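See structure below.
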Amino acid sequence: MMRALVHGLAITGASTVRALQRRGIDVLASDDQIDVSKVELAAELGVELVALPVDIDRFVASFELVSPAPGVPERHPLVTSAIAQGVLLQSEIEMAYRWEQERPGGPRPILAVTGTDGKTTTTLMAAGMLEAAGLKTLAVGNTEVPMLDALDLDLDAYVVECTSFRLAWTQQFRADAAVWLNLAPDHLNWHESIDTYIAAKARIFDLQRGDDIAIGFADDPIVMAHLSAAPGRHVTFASTAASDYRCVGDELLGPAGHLGWVSSMPRSFPHDITNALAAAALVLETGLVDPAHVADAVSTFAGPPHRIEPIGELDGIQFFNDSKATTPHAASVAIRSFDRVVLIAGGRNKQLDLSPMGEEPGRIRAVVAIGESASDIHAVFDQRCTVLDAESMEQAVEVAIEHAHAGDAVLLSPGCASFDWYPAGGYPARGDHFRRVVHDHLRRTGGTPS
């Protein structure tokens, strides 16, 4: 009997344990930090949970398969030991892909999305387009549903959100259509270098076949360099460039013509438009939907929370929760979406250069620096605008409101991770807290919560 190790017992790790058990594989779970909740989860799963021993090489050699959870970095001793000894490393999506290929009746279409920013929105939008066409689908991968949990569901197609964490340990995973949205430095606390980060992303194209579809963002030179070498059929998208999928005035266009109107979109920031074009390319190039279904989905799609999410208004000042912006690239995209911003930024820096956040000084009225990286925020903005400090989210909101004028946006777009102030809940906990604080203030002062 095959013996497998699942390291990291959280949502994806638990899903992996269950999937392996269903297939009669002997499973052991391990974790770097074992607490009461993980012990209880292991008991519920019926799996033994252990801490990693000192002699990690001998331990790893006792398994035929090691599946690290997405949070386990590529320089982790367990990972380096498995690679050195030739023990098979598989991520959740790799394992799911292999089993999907063995499905009676054949595998279902797989659409995949990667990029530094915009993955979740594009994944959900593509799923919405498939649903508009009457297809049964699910957004899986780096979502609330691991792909392994979806294998036994009655689905017509998958849309897989692919992080670099998951792509790094793939050997076979391939998508009928794959889109690479953009590339900016990120997760350098997980990857050994920017080169291994890019290499992990590139696997979404590298493992495709000649009859698959590779879709790239025409305005990103790194993406386009990898698209040029992709074995699949090449398709491009961009908001204004001469791309296969593009925006001309108010109209979204593809190779077959009209796809929808920008004015019909519930929200139409520049990145919303490019995300919609990328999603349209995924579903149309595979022949799964018609352009009319794209238009229907574009006009009704409501984006996920924590991504430039409007949360209220007071005296002409609008409030936006962009807690998901955990990189300077994501924060700079949000800043460019507004004419004038009071920015709340900071948190735990992921070893990234934050200077891209300061590239649009004319848009920024003031900055409120928060969290561990407050000094880094000062270094970016001190010579560009007023920078103030806050020791809590409540104080940050109060200070931001004091400095905002009618017509401004108060924008939480931190450019950093959230684990300094929100170690358990991550960016959703930060965004939820910001929303609660803003709503409490608006109710006290006669504003309008969204």
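The values are calculated or read from the model by the stated rules, or taken from the named source; none is laboratory data. The shown structure was predicted, so the numbers you read here are calculated from the model rather than taken from an experiment. Cβ coordinates were reconstructed from backbone atoms using ideal geometry, including for glycine residues, and neighbour counts include every protein chain displayed. Protein only, heavy atoms only, side chains kept; ligands, DNA and RNA dropped before computing areas. Shrake-Rupley method; radii C 1.70, N 1.55, O 1.52, S 1.80 Å.
For the stretch 351-402, the relative contact order works out to 38 percent when only alpha carbon pairs closer than 8 Å and six or more residues apart are counted. Per the Debye formula on identical point scatterers at the alpha carbon atoms of the stretch 1-93, with no solvent, log10 I(q)/I(0) at q = 0.21 Å⁻¹ is -1.02.
Kindly list the residues of the stretch 1-41 that lie in the label zone of residue 56, defined by a backbone N under 14 Å from the point 7 Å along the Cα-to-C-beta vector. Answer for this model: 7-8, 30-33. Extension gain for the segment residue 188 to residue 445, taken as residue separation times 0.36 nm less the Cα-Cα distance, is 88.3 nm to one decimal. GNM remark for the chain: springs join alpha carbons under 10 Å apart, and the peak mean-square fluctuation among 34, 364, 198 falls on 34. Roll a 1.4 angstrom probe over the protein heavy atoms and tell me the percent of accessible area of the chain that is carbon or sulfur. Using a 1.4 Å probe with all protein chains present, the chain comes out at 51 percent carbon and sulfur. Legend: residues 360, 100, 192, sorted from most to least accessible area (1.4 Å probe; ligands, DNA and RNA excluded), read 192, 360, 100.
For the stretch 73-179, the extents of the C-alpha atoms along the principal axes are 47, 35, 21 Å, listed from largest to smallest.
A protection proxy built from the mean count of other Cβ atoms within 10 Å ranks the segments 68-80, 168-180, most packed first, as 168-180, 68-80.
Here residue 315 and residue 386 are evaluated by their C-beta separation; at R0 = 25 Å the FRET efficiency comes out at 0.80.
A Stokes-Einstein calculation at 25 °C with viscosity 0.890 mPa s, built on the Kirkwood radius of the stretch 384-450 over Cα pairs, returns a diffusion coefficient of 188 µm²/s. The candidates 265, 224, arranged from most to least accessible area with a 1.4 Å probe in the full protein assembly, appear as 224, 265. One decimal place: the segment residue 88-residue 353 gains 92.0 nm when fully extended, by the rule 0.36 nm per residue minus the C-alpha distance. For the chain, the tally of Lys pairs with Cα-Cα distances below 23 Å comes to 7, considering only residues 8 or more apart or on different chains. Computed over neighbours whose Cβ is under 10 Å from that of residue 192, the net charge equals -1, Lys and Arg +1, Asp and Glu -1. Using the Karplus relation 6.51 cos²θ - 1.76 cosθ + 1.60 with θ = phi - 60°, the per-residue 3J(HN,Hα) values for the stretch 281-286 come to 4, 4, 7, 7, 5, 8 Hz, with x marking Gly and Pro. Local charge for residue 349 was computed over the other residues whose Cβ lies under 14 Å away, with Lys and Arg +1 and Asp and Glu -1, and equals -3.
Size estimate for the stretch 223-321 follows the Kirkwood approach: the inverse of mean 1/r over distinct Cα pairs works out to 14.8 Å. Between residue 248 and residue 211, the contour length at 0.36 nm per residue exceeds the Cα-Cα span by 10.4 nm.
Taking amide hydrogens as placed 1.01 Å from N in the peptide plane, the amide H of residue 2 sits under 5 Å from those of 26, each at least 5 positions away in sequence or on another chain.
Rounded if a/c is under 1.5, else prolate if a/b is larger than b/c, else oblate: which is the chain, with a ≥ b ≥ c the root eigenvalues of its Cα gyration tensor? Oblate is the answer for the chain, as a/c is 1.5 or above yet b/c matches or exceeds a/b. Taking every alpha-carbon pair under 8 Å whose residues sit at least 6 apart, the chain reaches a relative contact order of 11 percent.
The calculated FRET efficiency for the pair residue 44 and residue 424, based on their C-beta separation and a Förster distance of 25 Å, comes to about 0.80.
According to the square roots a ≥ b ≥ c of the eigenvalues of the Cα gyration tensor, what is the shape class of the stretch 55-120, taking rounded for a/c under 1.5, prolate for a/b larger than b/c otherwise, and oblate for the remainder? It comes out oblate by the Cα gyration axes. Averaged over its residues, the stretch 135-237 has an accessible area of 35 Å² per residue, based on protein heavy atoms and a 1.4 Å probe.
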